[in-house]
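Below: the structure, in structure tokens.
The values are calculated or read from the model by the stated rules, or taken from the named source; none is laboratory data. Because the structure is a prediction, the values reported are computed rather than measured. Reconstructed Cβ throughout: ideal geometry from the backbone, glycine too, with neighbour counts over all protein chains shown. We work out accessible area using only protein heavy atoms, side chains counted, and drop any ligands, DNA or RNA first. Shrake-Rupley method; radii C 1.70, N 1.55, O 1.52, S 1.80 Å.
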Amino acid sequence: MDKIKIVGGTPLSGEVTISGAKNAALPLIASSILVNGKLNFTNVPNLMDINSIRLLLEDLGASCKVSPGCLEVDGSSIHKIEAEYDLVRKMRASILVLGPLVARFGHAKVSLPGGCAIGARPVNMHLTGLEALGATINLDHGYIEAKADRLIGNEIYFDIPTVTGTENLMMAATLAKGTTVLRNAAREPEIIALADALINMGAKITGAGTTIIAIEGVQSLNSCEIDIIPDRIETGTFMVAAAATGGDVLIKGCMPDHIGGLISKLKATGAIVDTFEDSLRVKRKTPIKSVDIKTLPYPGFPTDMQAQFMTLMTIADGSSIIHESIFENRFIHANELLRMGADISISGGNIASIRGVDKLQGAEIMASDLRASASLVIAGLIAEGTTVISRVYHMDRGYEAIEKKFSSLGANIKRIK
Ligand code: EPZ
């Protein structure tokens, strides 16, 4: 298994270009199930998770053509409605094929996605939403079986905002009979990107990006071109890395409006953040001020940036509190940061208290999940000495060639086989 070796201490400087967003691409690629035709995707990130969902769609019978940064999916040849355990277990977001399969074929069998390192990750709201649209749901031997002659529009109220739940049911509702209203819907930019694409395919959707989304069902959807929006979490990861290393980095091909929750917090730490239309610049020359954060649904501070921000706080002046309100076990990275000399204490499972220390020491550490692995890379970049991170396959799921991008910014970082 690959490892990442970093010699810390170099302030990052230069320019980096952001890739397409994993969490926009996954639902958009799943939406190809809805279309009896081709969808052409551009600005597709080269990630393990993108390969996983492509392999899943090909297993269902779709035909896919891959070229650098592009993916064409032809859903007209789909003939199978079962997403098998071996494919789903590799990526929980496979649940996103459930809604489209029921909507187009009236039948779906999808392996229940297991939990992951950060939490149990239930899908109950996906299932109760489909039942509200008239589907019958059976759980049998680890599989979800959903059936409906034709989905019927209805009101669906989410107990809490769910990103993929909103995406799954928005996709399902596009082909239902009548109108569906999703209330307490998630508002992430990836939801808006999915709605925009579905509208280009002929769907009738209003309210995406607000907590109330209305979808008027249509008979069928058509082919179109879809350009994947930039990855706001990759953007945030490089922003935090620039601030943590005391560097000066221009981040290009991003959408500053999508990462506002982090920008305000980074500015509060004393970093200078200049935003432009499709780029932003982060530099830090003064000591890092400690800042409290609480993770919240968009547009609050993103849970996917919590681990990276914790690394920044480990070398801040003073103490900070991090409240992780979305997932029940998203502090695994803290154990590895402690081994590097950080001063962190966890109480009640979702409150972390961090006391800033002068510096971290390089160490051999282990990645546990996608965003935790990014926080450990940042820790290696600021630590004194050498850090070796194992299990970097977690990182390859969601970051395209991250060590190449960091080394282009001057970091002493390389992948070792
Ligand atoms: C999406 O996961 C993202 N994944 C996650 O990014 C992200 O952390 C998360 O949203 C929150 O922003 C993709 O978009 C592919 P949720 P999702 O449903 O949709 C609970 C990454 O690193 N819940 O919004 O699975 C759930 O347990 C990944 O790229 C239920 O209880 O998250 C959580 O506490 C990690 N029942 C909360 O809701 C349900 O049916 C929010 O989860 C669904 C969710």
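The 1.4 Å probe gives accessible areas that order SER76, SER31, largest first, as SER76, SER31. For region 302-359, the alpha carbon convex hull comes to 67 Å³ per residue, rounded to a whole number. Here, P(r) means the percent of Cα pairs in each 10 Å bin from 0 to the largest distance; for region 351-417 it is 20, 53, 24, 3.
Rolling a 1.4 Å probe over the protein chains gives LYS109 an accessible area of about 60 Å². Please work out the Cα center distance from region 314-331 to region 11-88, rounded to the nearest Å. Cα centroid of region 314-331 versus Cα centroid of region 11-88: 33 Å apart. Computed with a 1.4 Å probe over protein heavy atoms only, the accessible surface of region 236-385 comes to 36 Å² per residue. Under a model in which nothing but the beta-carbon of Lys, Arg (+1) and Asp, Glu (-1) is charged, the chain shows a dipole of about 640 debye around its Cα centre.
Helix 163-173 and the long axis of the chain differ in direction by around 20°, with both axes built from C-alpha atoms.
For the modelled label position 7 Å from the Cα of SER67 along Cα-to-Cβ, which residues of region 36-59 have backbone nitrogen atoms closer than 18 Å? It comes to 38-46, nothing else. Using only the Cα atoms of region 255-299, each taken as one equal point scatterer with no solvent, compute I(q) by the Debye sum, divide by I(0), and report log10 of the ratio at q = 0.21 Å⁻¹. Each listed q corresponds, in turn, to -0.74. If you run the Gaussian network model on the chain, springs between alpha carbon atoms under 10 Å, then out of ALA244, ALA173, ALA117 the most flexible one is ALA117. By a 1.4 Å probe calculation restricted to protein chains, LYS289 has an accessible surface near 120 Å², given to the nearest 10. Net charge around LEU175, counting only other residues with Cβ within less than 10 Å of its Cβ (Lys, Arg = +1; Asp, Glu = -1)? Computed value for this residue: +3.
When the Cα atoms of region 297-408 are aligned to their principal axes, the ranges along those axes come out at 35, 32, 21 Å in descending order.
Only protein heavy atoms count here; on that basis, with a 1.4 Å probe, LYS285 has an accessible area of about 140 Å².
Taking all protein chains together, ILE259, ILE346 sort by accessible area into ILE346, ILE259, largest first [probe 1.4 Å].
Along the charge dipole of region 244-347, pointing to its positive end and built from +1/-1 on Cβ of Lys, Arg, Asp and Glu, which listed residue (LEU296, LEU312, GLY253) has its Cα farthest out? Going by the Cα projections, it comes out as LEU312. Taking 0.36 nm per residue of sequence separation and removing the Cα-Cα distance, the ARG183/LYS267 pair yields an extension gain of 26.9 nm. Relative contact order of the chain: 21 percent, from C-alpha pairs under 8 Å at least 6 residues apart in sequence.
Take the Cα of ILE199, step 7 Å toward its Cβ, do the same at ASN36, and the gap between the two points is 2.6 nm. Between the Cα long axis of helix 189-200 and the first principal axis of the chain there is an angle of about 30°, rounded to the nearest 10. For the chain, dividing the convex hull volume of the Cα atoms by the residue count gives 121 Å³ per residue.
Diagonalise the Cα gyration tensor of region 104-215 and give the resulting equivalent ellipsoid semi-axes, square root of 5 times each eigenvalue, largest first, whole Å. Kindly include the intermediate steps, with their values, before the conclusion.
Working: eigenvalues 94, 64, 29 Å².
Its equivalent ellipsoid spans semi-axes of 22, 18, 12 Å.
Over region 153-203, the Kirkwood radius and the radius of gyration, each from Cα atoms, give a ratio Rg/Rh of 0.94. Accessible area ranking (1.4 Å probe, heavy atoms, ligands and nucleic acids excluded), largest first, for VAL218, VAL97: VAL218, VAL97.
Extension gain, ARG121-LYS80: 0.36 nm per intervening residue step, less the Cα-Cα distance, totals 12.2 nm.
With the Cα gyration tensor of region 36-83 in hand, convert its eigenvalues to equivalent ellipsoid semi-axes via √(5λ) and list them largest first in whole Å. Show your work: numbers first, answer last.
Values: eigenvalues 69, 34, 8 Å².
That gives 19, 13, 6 Å for the three semi-axes.
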